[in-house]
Amino acid sequence: MKMLHTIEDFALTNPDAIAFTAPGAQITYGELWNQSEQLAAMIHGMGLSSGSPILVYGHMEPEMPVAFLGSVKSGHPYIPIDTSIPLERIAKIIENSNAELLIIVANAPFVLENSPASIVTLSELKAKLPVNAKSNRSSWVAEDDNFYIIYTSGSTGNPKGVQISATNLQSFVDWMLKDFPIKGGLRFLNQAPFSFDLSVMDLYPSLASGGSIFAITKEMIAKPKLLFEALEKSNTNVWTSTPSFVQMCLMDPSFNEDLLPELSVFLFCGEILPSAIARQLLERFPNAKVFNTYGPTEATVAVTFVEITAEVLEKHQSLPVGRPKNDTKIVLLNEDGTESIDEEGEILIVGPSVSKGYLGQKELTERSFLRYDGKMAYRTGDAGYIENGLLFYKGRMDFQIKLHGYRMELEEIEHHISKSQYVKMVVVVPVYQNEKIEYLTAAIVPEPHSFSKEFQLTSAIKKEISENLPAYMIPRKFTYYVDLPMTPNGKIDRKQIREKVML
Ligand code: AMP
């Protein structure tokens, strides 16, 4: 794969350049390349089944990319698992992916009983790494082989694994380095945990252009003082985040050009970019360009882009998500799957960065992936329209939502809450403020129970569901009812419930 050779070239010509910085730790290109070579050689010797994925568990440690590259250079895709993911969910991912190895990079306790996968810490492996060992180049993942698999929320209650091949990723990285003002050697900010594909937007464009990544940890995000101290030191040139994250930063007036004087590019993806945010950024960072990009994990991070200039802001109340990259086509579909002629409909993405589908989930894959003009295509479930050649996002057509930048299926949350011993019936409702989801409320009909106070019942339910759901998927509010309203045709009346929980 071209990108791996490019990273190797940087490691050979500039081994002491910093590839990745996290609090208190850094890794150079030379270390990244050599350690991943040794790791690949070691994994190769483990005799794993051909192409079986490897889970990599950690947060923002500089060894995360070592484990990623070690996996792909040994011929195995990796599955990034952030430390915020609960054990039950990790067990399900192992079961679904048939992974035979989990590498712990995080320096935190991790015990998964009865796992079919071998679990080893990277430090244990490092102690045994064969010095000067090299990967076998003919084993490197290439072309249609999976490079990584990212698990996203699934409506059936189980996460689904989006398979991204070397070709998918190369198409994405080539586009980033061609159509954005990203020249070599820049410093990229990484805000998203590796288990979300937004992190791919800085990790690989940075490594493929001899850049350096500055990682923001969840501890920093929880403590604005730490975050701002880190930002000041970061010398960031390229900012990648969700609009929600930058919105949080903008609440502090010191988030401006004085704090980040070298910032030249803002890249946003994953949720609606409100025009008020873009406007504030252009005011506070007059020398930076702001880009809105759009795409799902299933099409490798993003496939459309537009620079948000003062003119664009003046022209459009809702911002466009832009034009597709050169190798990709956007088609709009009618409800029956035929092509829409009035430039409005469900967004279908056609092109080389579209995934081959969900790992081990044929039916689910066939529901959303198809061939169009002989190329892979993905039905996004997003409604959109095209105006003057620009694509606009018009919301979801199902129960998938974005909350604070995180993608989730309301049905998956309902599935896990309904399994609680205290719950007879549940509907999860997003609560909006200024057209943005602020939080989730679970409207519940409880089973008979012995709690005297509602908050006790709520904490008992929360405790049960936190075994399966990460914290960001747990509704903030729980409200209790004797029954939930139905529509005349016997379906749960979500609209009425939404009105009820807003009272
Ligand atoms: P994810 O797979 O987490 O990247 O989520 C993909 C979904 O996020 C898309 O299908 C859209 O619903 C939404 N999304 C991504 N980018 C944008 C954007 N620029 N504006 C509005 N929604 C977006």
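Can you name every residue in segment 1-27 that is more than 22 Å from Ala192 (Cβ to Cβ) and surrounded by fewer than 19 Cβ atoms within 10 Å (Cβ to Cβ)?
Result: Lys2, His5, Thr6, Glu8, Asp9, Leu12, Thr13, Asn14, Pro15, Asp16, Ala17.
Sort out which residues of segment 407-457 are under 26 Å from the mean Cα position of the chain (by Cα) and hydrophobic (A, V, I, L, M, F, W, C), and write them in order of number.
The answer is Met408, Leu410, Ile413, Ile417, Val427, Val428, Val429, Val431, Ile437, Leu440, Ala442.
Need pairs with beta-carbon distance below 9 Å; first residue more than 21 Å from Ile308 (Cβ to Cβ) and within segment 252-265, second basic (Lys, Arg); sequence gap 6+ or separate chains.
Pro253/Arg284
Is one or more of the residues making up segment 47-63 surrounded by fewer than 24 Cβ atoms within 10 Å (Cβ to Cβ), in a strand (DSSP E or B) and among the polar types (S, T, N, Q)?
No, the conditions are met nowhere in segment 47-63.
May I ask you to say which residue of Lys463, Lys491 is under 17 Å from Leu410 (Cα atoms) and either touching a residue at least 24 places away in the same chain (Cβ under 8 Å) or not hydroxyl-bearing (Ser, Thr, Tyr) (or both)?
Lys491
Does Leu207 satisfy the criteria of being aliphatic (A, V, I, L, M) and either within 13 Å of the ligand (Cβ to nearest atom) or at pLDDT below 95 (or both)?
The answer is no for Leu207.
Out of the residues in segment 386-402 meeting the condition of being crowded, with 17+ Cβ neighbours inside 10 Å and part of a strand (DSSP E or B), tell me which one is farthest from the ligand (Cβ to nearest atom).
Here the answer is Ile386.
Between a first residue in segment 6-26 that is over 20 Å from Asp202 (Cβ atoms) and a second residue that is in a loop (DSSP other than H, G, I, E, B) and not polar (S, T, N, Q), which pairs have beta carbons less than 6 Å apart while being 6 or more apart in sequence or on different chains?
Cβ pairs passing all conditions: none.
Answer yes or no: is there a residue in segment 433-449 that is exposed (fewer than 12 other Cβ atoms within 10 Å of the Cβ) and over 26 Å from Gly405 (Cβ atoms).
yes
Which one is nearest to the ligand (Cβ to nearest atom), of the residues in segment 134-154 that are assigned to a loop (DSSP other than H, G, I, E, B) and either buried (at least 17 other Cβ atoms within 10 Å of the Cβ) or hydrophobic (A, V, I, L, M, F, W, C) (or both)?
So, considering only residues that are assigned to a loop (DSSP other than H, G, I, E, B) and either buried (at least 17 other Cβ atoms within 10 Å of the Cβ) or hydrophobic (A, V, I, L, M, F, W, C) (or both), the one nearest to the ligand (Cβ to nearest atom) is Ser153.
To keep it simple, each residue is scored yes or no on (1) part of a loop (DSSP other than H, G, I, E, B); (2) within 20 Å of Met201 (Cα to Cα); (3) within 16 Å of the ligand (Cβ to nearest atom); (4) modelled with pLDDT of 95 or more.
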residue	(1), (2), (3), (4)
Ala67	no, yes, no, yes
Val72	no, yes, no, yes
Val111	yes, no, no, no
Ile119	no, no, no, yes
Asn132	yes, no, no, no
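Do you know which residues across segment 226-261 are more than 16 Å from the ligand (Cβ to nearest atom) and either in contact with an Asp or Glu (Cβ under 6 Å, 6 or more places away or on another chain) or acidic (Asp, Glu) (or both)?
Glu229, Glu232, Asn235, Asn237, Asp252, Glu257, Asp258, Leu259 - these are the residues of segment 226-261 that are more than 16 Å from the ligand (Cβ to nearest atom) and either in contact with an Asp or Glu (Cβ under 6 Å, 6 or more places away or on another chain) or acidic (Asp, Glu) (or both).
With the checklist (1) under 24 Å from the mean Cα position of the chain (by Cα); (2) surrounded by fewer than 12 Cβ atoms within 10 Å (Cβ to Cβ) in hand, flag the one item Pro86 doesn't pass.
The one condition Pro86 does not meet is (2).
Those residues that are of a type in the set (A, V, I, L, M) and in contact with a Leu (Cβ under 7 Å, 6 or more places away or on another chain), I need them from segment 278-293; list them, please.
Ala278, Ala288, Val290
Taking Glu387 and the conditions (1) modelled with pLDDT under 95; (2) in contact with a strand residue (DSSP E or B) (Cβ under 7 Å, 6 or more places away or on another chain), which numbered condition does it fall short on, given that it satisfies the others?
(2)
For segment 375-428, how many residues are free of Cβ contacts under 8 Å to residues at least 24 places away in the same chain and small (Gly, Ala, Ser)?
2
Name the residue, out of Glu346, Glu363, Glu411, that is assigned to a helix (DSSP H, G or I) and either crowded, with 17+ Cβ neighbours inside 10 Å or within 16 Å of the ligand (Cβ to nearest atom) (or both).
Only one candidate passes the filter, namely Glu411.
Which condition number does Ser123 fail, the rest of (1) polar (S, T, N, Q); (2) assigned to a helix (DSSP H, G or I); (3) in contact with a Pro (Cβ under 8 Å, 6 or more places away or on another chain) being met?
(3)
Can you tell me which residue in segment 285-296 is nearest to the chain's Cα centre (by Cα), limited to those that are more than 7 Å from the ligand (Cβ to nearest atom) and not β-branched (Val, Ile, Thr)?
Here the answer is Phe291.
Say we look at segment 178-200 and pick out the residues that are within 17 Å of Asn14 (Cβ to Cβ), surrounded by fewer than 24 Cβ atoms within 10 Å (Cβ to Cβ) and not basic (Lys, Arg); which of these is modelled with the highest pLDDT?
Only one residue tops the list, namely Leu186.
Scan segment 194-204 and tell me whether some residue there is out of contact with any helix residue (DSSP H, G or I) (no Cβ under 8 Å at 6 or more places or on another chain), within 21 Å of Phe68 (Cα to Cα) and more than 16 Å from the ligand (Cβ to nearest atom).
Checking segment 194-204: not a single residue is out of contact with any helix residue (DSSP H, G or I) (no Cβ under 8 Å at 6 or more places or on another chain), within 21 Å of Phe68 (Cα to Cα) and more than 16 Å from the ligand (Cβ to nearest atom).
Yes/no matrix, rows are residues, columns are (1) modelled with pLDDT of 95 or more; (2) crowded, with 23+ Cβ neighbours inside 10 Å; (3) outside any loop (DSSP other than H, G, I, E, B); (4) over 18 Å from the mean Cα position of the chain (by Cα):
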| site | (1), (2), (3), (4) |
| --- | --- |
| Ile272 | no, no, no, no |
| Glu283 | yes, no, yes, yes |
| Glu298 | yes, yes, yes, no |
| Glu311 | yes, no, yes, yes |
| Gln317 | no, no, no, yes |
| Leu370 | yes, no, yes, yes |
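For segment 242-255, check the following and say yes or no: at least one residue is more than 16 Å from Leu282 (Cα to Cα) and in contact with a Leu (Cβ under 8 Å, 6 or more places away or on another chain).
Yes, the conditions are met somewhere in segment 242-255.
The values are calculated or read from the model by the stated rules, or taken from the named source; none is laboratory data. The structure displayed is predicted, hence computed values, not measured ones. When we count neighbours, we look across all protein chains shown, and the Cβ atoms used for this are built from the backbone with ideal geometry, even at glycine.
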